[in-house]
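Just so it is clear, none of the values below were taken in a lab; they were calculated from the coordinates. Computed from a predicted model, the values in this text were never measured in an experiment. Positions of Cβ are backbone-derived with ideal geometry, glycine not excepted, and every protein chain shown enters the neighbour counts.
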Amino acid sequence: MYKILFFISVGIILILILLIISTVTKINYIKKILEDVIAGNFSRKIMINNNFKFIANLVSNINLITDKLQEAKNDNLEKADIMSKMVSNISHDFKTPLTSLIGYVELIKQSKNLSLEEINEYLDIIHNKACYLNSTLENFFYLSRLEANDEKFNIQKINLSDVIQEQVLFFYNDFKTIGITPVLECPKEEVYVLADRVSVGRILNNLLSNSLKYGKDGNKVGIHIYEDKDYIYTEVWNNGKGIDKKDLPLVFNRLYTAEESRNSKLSGNGIGLSIVKELVKGNKGSISVKSISFKKTAFTFSLPKINL
């Protein structure tokens, strides 16, 4: 009887020793993985099976943490890439007008035979270039404030119909100059939304300006208003060349512009649509874009409606 108990005890002790050795081995393996993670290798995963619940939970939590760290690393790399492209784009947009501006200043300084009319002409050019640079800087800092949630929105009941009419009148001469017909498809009754009037005006201004720049190959720019239970939708469209399918997911990205339009005559610096996206978000709405070349390119944003 005692021999049987002795052998059972020895067997139990051996099993416990094996379990302890196995557990220590696994813990050392976990320790090694953690050392790699601490060194910055967030792609490492702990791949072991264990019957002990506390070790299984530990492994699961460690793998979850490394996944989060890897996501954060990838996000930082993406932001660094965006920042690099942003600096490159800003440098591009500043270099040409700055070079031109400096050139005209040098011309005025060095040329002794310029007439007053020529000097005024060059000064007008310098003024326009300086205004462009100033506007670019203002937009950049404005977008930075929006993204940092430093811009305050005065959300209240506003007459969307009035804001639309104001913006269409603002661009009327531009429409007329390049032969574009504005098409308004709005309800006869006044349309009210809960929004910040100033930012809604800026949203429409940027979208109409965008339509003039990219839709001038067509002959129409339109605004269409419709609604559902909770939102009023404003569609700003044109029938110009449109946007390539591959570019559609990117148009609201910070400082993104299609390569074809990286020139000051055709486009701005890509900040405008990023500002629009942030302003729509600040007004508790959403924005989307669809494009069929020479048929319809439409930016549609929503604003909360007032349910009477």
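FRET efficiency for the pair residue 157 and residue 98, taken as 1/(1 + (r/R0)^6) with r the Cβ-Cβ distance and R0 = 45 Å, rounds to 0.50.
Taken over the C-alpha atoms, the stretch 156-304 has Rg and Dmax values of 14.5, 43 angstrom.
Pairs 216/241; 129/241; 95/277; 73/245; 213/277; 246/284: which are spaced more than 20 Å apart, C-alpha to C-alpha? Please report the intermediate quantities before stating the final value.
Values: 216/241 8 Å; 129/241 28 Å; 95/277 27 Å; 73/245 30 Å; 213/277 18 Å; 246/284 28 Å.
Exceeds cut-off: 129/241; 95/277; 73/245; 246/284.
With each label modelled as a point 7 angstrom along the Cα→C-beta vector, the residue 68-residue 284 pair spans 3.1 nm.
Along its first, second and third principal axes, ordered by size, the stretch 115-243 spans 64, 39, 27 Å in Cα coordinates. FRET efficiency for the pair residue 176 and residue 56, taken as 1/(1 + (r/R0)^6) with r the Cβ-Cβ distance and R0 = 51 Å, rounds to 0.10.
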